[in-house]
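The values are calculated or read from the model by the stated rules, or taken from the named source; none is laboratory data. None of these values were measured; they are calculated from a predicted model. Neighbour counts run over all protein chains shown; Cβ positions are idealised from the backbone, glycine included. Quick note on the areas: whole protein, heavy atoms, side chains included, nothing else; ligands and nucleic acids left out. Shrake-Rupley method; radii C 1.70, N 1.55, O 1.52, S 1.80 Å.
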Amino acid sequence: MHVIFGISDGEIRATINDVLQRSIPIKDAVLDLTPRLGIESGCLLFCPAGHKLEEILKIVDTGFNLSRFKAVLYNLATEYRLDYLLIDSHPGIEKDTILSMAVCDVVVLLSRVDHQDMFGSGVMNEVASQLRKPVVLILNMIPSSVGENESKKIGEKIAGLFNLQVLTALPFNSDVFENLSRGVFVLEHQKDPLTRKFTEMAENMIAIIEQSLEVPETSDNGRNRQAVG
């Protein structure tokens, strides 16, 4: 995420790791990317996690407290009046991944259609089910030889197999590959068909979140907290 948004180490005053472990204010870890990305409607805030080896090893060794994690997310959502809070977690079954899933309203799984990824997605879906979290699956990097109708059939088959909703199937796009994470693809290629597909996916995701929050959890001031993992 640091690379895609073009964030240098010098811009980072603090990370989420620092907030969780040293109890510093959440505002110290917030970077406003709205002007940088030229966003004219709304805003985009980014809270980086630690990407240095010593920071990663420390959080793996000590972990973090669930109540502290929930409090930090609550403060972030209320202080900045967020509509949606996205938690980008790494794959795999580890303590921090499960804690992230536990505090989310909706869990989003991203998977290719190979056996290894699908097996991992099945395990993650089972964990989310135990946590009673609604799950949606995004199929990624569908081979170019697979047509759109066939992609839909694959999605329907997987949806039935895992008993979850497949949000969309994203085709492999060489332009994304050649972009090499040097920027935000949908902003730099606004007329690309894949950008339109991402837009549709975002709209569908919002509808799913709203549906899952028929009885929303509200804060003291009545604002909804909507976290997506």
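Take the conditions touching a helix residue (DSSP H, G or I) at 6+ places or on another chain (Cβ under 9 Å) and modelled with pLDDT under 85 and apply them to Val60. Does it pass?
Answer is yes for this residue.
Being in contact (Cβ under 8 Å) with a residue 60 or more places away in the chain, open to solvent by less than 50 Å² (accessible area, probe 1.4 Å), part of a helix (DSSP H, G or I) and of a type outside the set (Gly, Ala, Ser), is that true of even one residue in region 137-158? The answer is no, given that none of the residues of region 137-158 is in contact (Cβ under 8 Å) with a residue 60 or more places away in the chain, open to solvent by less than 50 Å² (accessible area, probe 1.4 Å), part of a helix (DSSP H, G or I) and of a type outside the set (Gly, Ala, Ser). Taken as a whole, the structure leaves Glu126 outside the set of residues that are within 29 Å of Ile7 (Cα to Cα), loosely packed, with under 15 Cβ neighbours inside 10 Å and modelled with pLDDT of 85 or more. The set of residues in region 84-96 being part of a loop (DSSP other than H, G, I, E, B) and within 10 Å of the chain's Cα centre (by Cα) consists of Ile87, Asp88, Ser89, His90.
Pairing each residue of region 2-17 that is part of a helix (DSSP H, G or I) with any residue that is β-branched (Val, Ile, Thr), provided the two are 6+ apart or on different chains, yields C-beta distances under 8 Å for Ile16/Val72; Asn17/Ile59. I'm trying to understand the selection: among the residues of region 174-190, which are open to solvent by 30 Å² or more (accessible area, probe 1.4 Å) and over 17 Å from the mean Cα position of the chain (by Cα)? Those that are open to solvent by 30 Å² or more (accessible area, probe 1.4 Å) and over 17 Å from the mean Cα position of the chain (by Cα): Ser174, Asp175, Val176, Phe177, Glu178, Leu180, Arg182, Leu187, Glu188, His189, Gln190. In the set (1) touching a residue at least 40 places away in the same chain (Cβ under 8 Å); (2) in contact with a helix residue (DSSP H, G or I) (Cβ under 9 Å, 6 or more places away or on another chain), the condition left unmet by Pro171 is number (1).
Any residue in region 197-219 that is modelled with pLDDT of 65 or more, within 21 Å of Gly38 (Cβ to Cβ), open to solvent by 70 Å² or more (accessible area, probe 1.4 Å) and in a loop (DSSP other than H, G, I, E, B)? So far as region 197-219 goes, no, none of its residues is modelled with pLDDT of 65 or more, within 21 Å of Gly38 (Cβ to Cβ), open to solvent by 70 Å² or more (accessible area, probe 1.4 Å) and in a loop (DSSP other than H, G, I, E, B). Taking residues in region 178-192 that are more than 16 Å from Val3 (Cβ to Cβ) and in a loop (DSSP other than H, G, I, E, B), and partners anywhere that are among the acidic types (Asp, Glu) and open to solvent by 50 Å² or more (accessible area, probe 1.4 Å), the pairs with Cβ atoms closer than 7 Å and at least 6 places apart or on different chains are His189/Asp175; Asp192/Asp175. Residues of region 97-123 that are open to solvent by less than 20 Å² (accessible area, probe 1.4 Å), in contact with a Gly (Cβ under 9 Å, 6 or more places away or on another chain) and part of a helix (DSSP H, G or I): Thr97, Ser100, Met101.
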